[in-house]
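Some notes on the structure that comes next.
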Number of protein chains: 2
Amino acid sequence: MYISAKVDYAVRAMCAVADAGDRPVTAEALASSQGLPPKFLESILNDLRRAGLLRSQRGAEGGYRLARTAKEITVADIIRPLDGPLAEVRGLRPEAANYEGAAAHLQDVWVAVRSSLRSVLEVVTLADIVAGKLPNSVVKLTTKADAWVSR
Amino acid sequence: MYISAKVDYAVRAMCAVADAGDRPVTAEALASSQGLPPKFLESILNDLRRAGLLRSQRGAEGGYRLARTAKEITVADIIRPLDGPLAEVRGLRPEAANYEGAAAHLQDVWVAVRSSLRSVLEVVTLADIVAGKLPNSVVKLTTKADAWVSR
DNA sequence: TACTAAACCTAGTAATCAACTAGGGTAAGT
DNA sequence: ACTTACCCTAGTTGATTACTAGGTTTAGTA
């Protein structure tokens, strides 16, 4: 799974917006507080607004705030409008592929992959990240042996 | 996670090789039995050989066979030499990124993502796929509610 | 009413990657 | 010698990634 710069920046910005509570935060403030390229971030914020995750206000005293509470926005909610489905096989949904012969059961593997991604990304909310308290099932994954080492 | 054509084809071909047991299988036979583009497949098989997953024999009666038993080759073993690490954040390993402020704990999320991918891809072997009997922990994922529906 | 802050929009660009294809060289059997 | 089949280098086309430039519109403030 390749987490694109776009998605990484988006989640970080969303965390910062969540952290500000009700006050609107400007794109520039987000860019400098998280160290993100300003113009690129602007276009991402726009996408997030169109996706219904942010509300914006123009003009002086303007900025962005969450369209829902931080508890109601998962990481998957942010990824999908920006990068598309969590898992795809050659541009197809895992359940759409069809395999023959010895590889007939490969489809189950890709479905399992998607399912496992969902069990993290659809469960972790912005509120969890900002508070630094991830759900137990997710913490369990990060504390597995070798979870922090490269392969 | 985007499963590239390359990886998809590679796993399918490896399944077909595994299915043939000890007999060497030609690239052409693999291409036609799995419906893959012949020349593209050839370059993939070459990569797999360089990665130490396949052994090849030239000339008449030649072809490919597994370098290890089907039980000892996981899907992750196939993905990594072709597409690189299972999870990357903007080209970095999840444990390498460092986040500040409200997004400080985002790193844990990406590590959890990688861990969850590993729990599928490092566990399923070619033997499992060919036999159609995936490990229990993986089957559990495919039988979750909505595991087969798009979001 | 002017001024200014800030979101909004269109467009463009350089570099990389994905998914192939072409065509010849080399080794191994018959 | 002949054929089969792997091996190797190179190239192509289109899309995607990660940005940047520059102007337009809206909304508060002096």
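The values are calculated or read from the model by the stated rules, or taken from the named source; none is laboratory data. This structure is a prediction, so every number in the text was calculated from the model and none was measured. Cβ placement follows ideal geometry from the backbone for every residue including glycine, while neighbour counts extend to all protein chains displayed. For accessibility, only protein heavy atoms count, side chains too; no ligands or nucleic acids. Shrake-Rupley method; radii C 1.70, N 1.55, O 1.52, S 1.80 Å.
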Would you mind listing the distances between the B:R55 label point and the same position in each other copy? Use 7 Å along Cα-to-C-beta, nm, one decimal, shortest first. 6.8
Considering only protein heavy atoms and a 1.4 Å probe, what is the carbon-and-sulfur percentage of the accessible area of segment B:1-112? 44 percent
On the principal axes of its Cα set, how long, how wide and how thick is the protein assembly as shown? Give whole Å, largest value first. 77, 35, 33
What accessible area, in Å² to the nearest ten, does a 1.4 Å probe give for B:S150? 50 Å²
Net dipole in debye of the protein assembly as shown [+1 Lys, Arg Cβ; -1 Asp, Glu Cβ; about Cα centre; nearest 20]: 40 debye
Restricting to lysine pairs 8 or more places apart or on different chains, what number in the protein assembly as shown have Cα atoms under 20 Å apart? 9
So, counting K/R as plus one and D/E as minus one, what does the shell of residues with Cβ under 15 Å around A:Q34 add up to? -1
Å² per residue, accessible surface of segment A:66-138 at 1.4 Å: 37 Å²
What do you get for GluC sites (Glu not before Pro) in segment A:1-108 restricted to DSSP loop and a cutoff of at most 13 other Cβ within 10 Å of the site's Cβ? A:E61, A:E100
If you take the Cα Rg of segment B:100-151 and divide it by 2.2 N^0.38 Å, with N the number of residues, what do you get? 1.53
3J(HN,Hα) from dihedral phi, segment B:22-38, Karplus parametrisation 6.51/-1.76/1.60, rounded to Hz, x for glycine, proline: 7, 5, x, 10, 7, 4, 5, 4, 5, 4, 6, 5, 10, x, 10, x, x
Am I reading the B/A interface right? What is its buried accessible area, both sides, 1.4 Å probe, to the nearest 100 Å²? 5300 Å²
Computed ³J(HN,Hα) along segment A:67-73: with the Karplus parameters 6.51/-1.76/1.60, θ = phi - 60°, integer Hz and x for glycine or proline, the list is 7, 10, 6, 5, 6, 9, 10
In debye, nearest 20: dipole of segment A:37-139 around its Cα centre with unit charges on the Cβ of K, R (+) and D, E (-)? 440 debye
Between segment B:109-151 and segment B:36-73, the Cα center-to-center distance that results, in Å: 25 Å
Computed on Cα atoms only, the convex hull of chain B has an orientation-averaged projected area in nm² of 10.9 nm²
Please check segment B:12-33 for residues whose accessible area, probe 1.4 Å, is lower by 40 Å² or more when all protein chains are in place than in their chain alone. B:R12
Can you list the distances in nanometres, one decimal and ascending, from the A:A29 label point to the identical position in each other copy, with the point 7 Å along Cα to Cβ? 6.8
What is the extension gain from B:A127 to B:R58, computed as 0.36 nm multiplied by their sequence separation minus the C-alpha to C-alpha distance, in nm to one decimal? 22.3 nm
Suppose you put the label 7 Å out from Cα in the Cβ direction; list, shortest first and in nm with one decimal, how far A:T69 is from each other copy's label. 5.5
Calculated on alpha-carbon atoms, Rg and Dmax of segment A:68-112 in Å: 14.6, 48
For segment B:1-47, average projected area of the Cα convex hull in nm²: 3.3 nm²
